[in-house]
Structure formats: structure tokens, C-alpha cells
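The values are calculated or read from the model by the stated rules, or taken from the named source; none is laboratory data. Predicted model only: the values in this text are computed from it and were never measured. In this analysis, Cβ positions are derived from the backbone assuming ideal geometry, glycine residues included, and neighbour counts consider all displayed protein chains.
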Amino acid sequence: MRSMRIIARVAVPVVVGLMLVPQAVAAQSRQLVIIASGWVVGVYYPIAGVMSRIAYGTGDLNIRAVVEASGASVANAQLVGSGDADLALIQNDIAYYAVRGGPLPEFAGKPVKRLTGMFTIYPEPVHIVARHASGVKTVADLRGKRVVLGPPASGTEQNALQILEAYGLRELDLGKAERIDAVAAAAQMREGQVDAAFFTTGVGSAVVADTLRVAKAKLVGIDAAQREALRRKYPFYTVETVPAAAYKGLPDDITTLAVRAMVVARSDLPDELVYKFTKAIFDNLGQFHAAHAAAKSLTLPTALNGMPIPLHPGADKFYKEKGISR
């Protein structure tokens with residue numbers, strides 16, 4: 001039973017004007033598939049929308065995919081787990097935590113057993129922003145500094161704590177640890193109330209660009225040894241380069257770690273449905289890429305980058321046919 005309430009539901013394939021009765025009957029006979037996305041103004045929503053349109057236009061799939069607006073990753077994992085969504089867009093680290101039952105409190109002792117992977121889409125690098133006046137040149141220099149770790153119980157907070165740990169730092173080693181959202185973090189950086197802040201967000205993020213400019217700050221990379229140690233421990237991380245051209249005044253490219261936006265499927269969905277859905281997306285990549293600039297990151301060779309959870313058997317079948325393995 002689909003009992004959980006979500007912000008909005010939009011059937012994406014819309015035909016303007018009159019519809020013939022046989023067409024309406026045919027649409028009603030299609031299997032309903034719910035795709036949980038994110039806020040309407042975010043990136044997940046238009047990507048879910050184009051997935052819906054591609055699925056609707058794939059004749060042998062015979063589904064009617066409806067997009068749900070939601071609170072994004074944590075909420076989406078819970079929706080799939082409860083059966084209120086069939087597919088969802090989720091950050092891959094959140095998917096990893098959901099399946100394992102922690103460390104986020106929403107999943108503590110409550111692993112989401114019905115979560116399986118389909119493909120990863122685009123990276124969301126960890127931006128470590130430090131004020132020039134702080135003297136911070138590497139993550140190790142955050143010892144004794146005032147640092148924003150991200151909102152409480154967020155993916156950003158976990159990224160920050162994991163990266164600090166890779167450098168042998170605990171929260172107690174910081175001068176001060178703040179848990180606030182990105183907007184508040186930018187304000188505190190601007191006012192000089194903190195020395196550095198973690199932002200897990202897409203390249204070219206407006207909040208990072210504004211913070212770098214107004215707070216007279218720079219980006220701090222993650223060293224190779226720490227990157228590899230974290231990737232061995234946490235399979236959701238991928239190595240990404242933030243190009244200097246992405247932010248005004250950035251002198252050099254910065255190498256960091258990233259989580260990835262991904263699509264998950266309820267494990268009990270029919271294998272053939274998930275197989276055909278996955279195939280339809282990759283058969284229509286041009287249409288998928290047109291949905292949003294971030295969607296252009298999806299390619300067949302990168303579809304399993306940072307895949308941290310078991311694949312749905314239907315998706316696994318598709319990749320094996322293409323000769324792609326994790």
C-alpha cells in the first residue's frame with residue numbers, strides 16, 4: 001500500500017489538447033511506476049521527468065512512470081523501502097548507508113533491504129573551502145580551526161568526518177565544529193566566524209562561488225594517499241577534479257572526492273521491467289542529456305562508477321550484455 005505522503009505528484013507525459021478514448025484506455029492499462037525525485041526546483045526533478053518521458057515512449061516497456069517531488073535522498077530511500085516508490089534518485093553515499101543501516105540516524109537499526117542499484121549519473125564533489133586568512137593549505141591544517149561540517153545528520157557531515165579521519169583528525173581536534181546548512185555556512189565564512197567549511201555539491205555551485213569570492217577563500221584538495229584510503233573504506237567515493245575554470249579566481253585544478261547521484265530500484269520489481277527501463281535510458285542518452293547539464297555526465301562506461309550497493313538483477317543483465325562489470 002502506498003501510504004506515505006509526498007509533496008507533489010506529477011504525471012510527466014502530458015498531451016495538450018483532446019485525447020482519443022482508446023489512447024486514454026491504453027494509458028490506463030500501463031503499469032504504474034512511481035519515481036521519487038527531489039524538490040521541484042532541484043536537479044533530481046527534471047532528470048526524473050526525462051526518465052518518465054523516455055519510459056513512456058518505449059513501446060515494449062508499457063509503463064506509466066509518475067514523478068514524485070520529495071525531500072530527496074534520505075526520504076527517497078525510505079520511500080523505496082516502504083514500497084511507496086518504485087524507482088528513486090539518491091546520493092550514492094546515502095544509498096550505502098541505507099542498505100547498511102547507518103551511520104545516519106534515519107537508518108540506524110533499520111536497514112533498507114529493498115534498495116538495489118541501476119546506474120550512477122553525475123558527481124557531487126566535496127568542496128573544502130578555507131579562508132586565505134586561516135592559513136589552511138591542506139586538510140591536516142584544519143586542526144584547531146573553526147570548521148563547518150555541514151547540517152546535522154547530513155551526507156555532507158559524514159563526508160567531512162570521514163575526510164578528517166583519513167588525516168588522523170577527530171572532531172575534538174578542531175577548534176570549533178559547526179553543523180549548519182550551506183547558506184548559513186557561507187554567511188559565517190563571509191563574517192570570518194569560521195575558518196573553513198565543507199560543501200558537497202555539484203561543480204560550479206553558486207554557494208561555493210559566492211563564498212570563494214566574498215569570504216576571500218580558496219579550495220583545498222584531498223591528497224592522493226587519503227583519497228585512496230577513503231575509497232578502499234567507502235566504495236561510494238570517486239576521484240574528481242574541480243577545474244580552475246569552474247570558479248573565478250581559482251588558480252589551479254583541485255583534486256577531491258565526490259559522491260554521485262544515482263538511480264535505485266525496488267528489489268522486487270520484475271527483472272524484465274528494470275532491464276527494459278535501463279536499456280531505454282541508454283538507448284536514448286541524447287534525450288536524457290537534454291534534461292539538465294548534470295545529466296550529461298551519464299555514459300555507459302561510467303554508469304557503475306561509485307556504485308556502492310548490489311545491482312538489481314534486471315540492470316545487471318543489461319550491463320553483462322554490454323560487457324560492463326563493476
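Would it be correct to say that Val183 is within 15 Å of Val148 (Cα to Cα), of a type in the set (A, V, I, L, M) and surrounded by fewer than 16 Cβ atoms within 10 Å (Cβ to Cβ)? Steps first, please.
Working: within 15 Å of Val148 (Cα to Cα): yes; of a type in the set (A, V, I, L, M): yes; surrounded by fewer than 16 Cβ atoms within 10 Å (Cβ to Cβ): yes.
Yes.
The single condition from (1) touching a Gly at 6+ places or on another chain (Cβ under 7 Å); (2) part of a loop (DSSP other than H, G, I, E, B) that Asp268 fails is (1). In summary, Val183 fulfils each of the numbered conditions (1) under 16 Å from the mean Cα position of the chain (by Cα); (2) within 27 Å of Ser297 (Cα to Cα) with the single exception of condition (1).
The combined condition, being farther than 14 Å from Val147 by Cα, small (Gly, Ala, Ser) and assigned to a loop (DSSP other than H, G, I, E, B), is not fulfilled by Gly192. As for the range 49-68, it holds at least one residue that is farther than 21 Å from Lys296 by Cβ, at pLDDT 90 or above, among the small types (Gly, Ala, Ser) and out of contact with any His (no Cβ under 7 Å at 6 or more places or on another chain).
Report, by residue number, each residue of the range 293-326 that is on the phi > 0 side of the Ramachandran plot and touching a helix residue (DSSP H, G or I) at 6+ places or on another chain (Cβ under 6 Å).
Initially, the range 293-326 is screened for residues on the phi > 0 side of the Ramachandran plot, giving 306, 323.
Result: Gly306, single match.
Within the range 297-326, the residues that satisfy the criterion of being β-branched (Val, Ile, Thr) and over 16 Å from Gln91 (Cα atoms) are Thr299, Ile324. Filtered by the rule that a residue be under 18 Å from the mean Cα position of the chain (by Cα), surrounded by fewer than 23 Cβ atoms within 10 Å (Cβ to Cβ) and among the aliphatic types (A, V, I, L, M), the range 236-261 gives a lone residue, Val239. Any residue at all in the range 227-234 that's in a helix (DSSP H, G or I), among the small types (Gly, Ala, Ser) and either in contact with a Gly (Cβ under 9 Å, 6 or more places away or on another chain) or more than 15 Å from Pro123 (Cα to Cα) (or both)? Taking every residue of the range 227-234 in turn, at least one turns out to be in a helix (DSSP H, G or I), among the small types (Gly, Ala, Ser) and either in contact with a Gly (Cβ under 9 Å, 6 or more places away or on another chain) or more than 15 Å from Pro123 (Cα to Cα) (or both).
Kindly indicate the residue of the range 271-326 that is of a type in the set (D, E, K, R) and in a loop (DSSP other than H, G, I, E, B) and also surrounded by the most Cβ atoms within 10 Å (Cβ to Cβ) among those meeting that condition. Break it down stepwise before answering.
Kept after step one, since they are of a type in the set (D, E, K, R), are these residues of the range 271-326: 271-272, 276, 279, 283, 296, 316-317, 320-322, 326.
Imposing the further condition that a residue be in a loop (DSSP other than H, G, I, E, B) reduces the set to 322, 326.
On the way: Lys322: 13, Arg326: 11.
Checked the range 271-326; the qualifying residue surrounded by the most Cβ atoms within 10 Å (Cβ to Cβ) is Lys322.
All conditions in (1) surrounded by fewer than 15 Cβ atoms within 10 Å (Cβ to Cβ); (2) of a type outside the set (Lys, Arg); (3) at pLDDT 95 or above; (4) under 20 Å from the mean Cα position of the chain (by Cα) hold for Val264, with the sole exception of (1). Any chance the range 121-132 includes a residue that's within 21 Å of Val263 (Cα to Cα), more than 18 Å from the chain's Cα centre (by Cα) and surrounded by fewer than 22 Cβ atoms within 10 Å (Cβ to Cβ)? Scanning the range 121-132, I find no residue that is within 21 Å of Val263 (Cα to Cα), more than 18 Å from the chain's Cα centre (by Cα) and surrounded by fewer than 22 Cβ atoms within 10 Å (Cβ to Cβ), so the answer is no.
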